[in-house]
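Below you'll find the structure, written out as structure tokens, and then a few comments.
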Amino acid sequence: VKEDGTVSGMEFRLRPKRSDEIGLSVNWLEIFGRDKSYQLKEVRRLFRLQLSPNGRFAEMNVGEIRQKVEEEMDSLRIVHNPLRAEGGYEADPSHAEITGLPSGESDHAMFIGYLIAECVVNLYPAVVLAE
């Protein structure tokens, strides 16, 4: 999130130093029902990376992402990809991926990342100190 409160498209591209990365990890909130606070609580609880107190989760609409990005490329896919329980982590039924993105270092990847960032409808703290 930039100082003006807008979301940077840099975060919505494949990481250039991770040649094995094939998609962006996202979560399907509605799999946890309709209550937004419960959805977020479950995503935070099941998240497999270290969350930063100043980090944010971005909420987006899948249909809007598809509509906006398909004008520029037709390879984008948003695929439900639940994670199995492993390595001490619980199963995560909400996990999904945005695939078909261009290389993380290209100008096209930057442009697509900014199109995706324009689809952010809400931001939520990654870490909540008291629930």
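The values are calculated or read from the model by the stated rules, or taken from the named source; none is laboratory data. The structure presented is a predicted model; accordingly, all values stated were derived computationally and were not measured. Note that we place each Cβ from the backbone using ideal geometry, even for glycine, and neighbour counts take in every protein chain shown. Heads up: the accessible areas ignore ligands, DNA and RNA and are worked out on the full protein's heavy atoms, side chains in. Shrake-Rupley method; radii C 1.70, N 1.55, O 1.52, S 1.80 Å.
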For this session: Tell me which of these Glu59 doesn't satisfy, since it passes every other one: (1) closer than 16 Å to Pro125 by Cα; (2) in a helix (DSSP H, G or I).
Result: (2)
Exercise. Are any residues in the range 1-45 under 17 Å from Thr99 (Cβ atoms) and among the small types (Gly, Ala, Ser), and if so, which ones?
Worked result: Ser19, Gly23, Ser25
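Yes/no per residue for (1) buried (at least 17 other Cβ atoms within 10 Å of the Cβ); (2) at positive phi:
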| residue | (1), (2) |
| --- | --- |
| Glu3 | no, no |
| Gly9 | yes, no |
| Phe12 | yes, no |
| Ser19 | no, no |
| Ser25 | no, no |
| Gly33 | no, yes |
| Tyr38 | no, no |
| Val43 | yes, no |
Exercise. Among Ile112, Ile98, which is the only one that is closer than 20 Å to Lys2 by Cβ and out of contact with any Ser or Thr (no Cβ under 8 Å at 6 or more places or on another chain)?
Worked result: Ile112
Exercise. Out of all the residues in the range 74-111, which are open to solvent by 90 Å² or more (accessible area, probe 1.4 Å) and more than 15 Å from the chain's Cα centre (by Cα)?
Worked result: Asp74, Arg84, Glu86, Tyr89, Glu90, Glu105, Asp107, Phe111
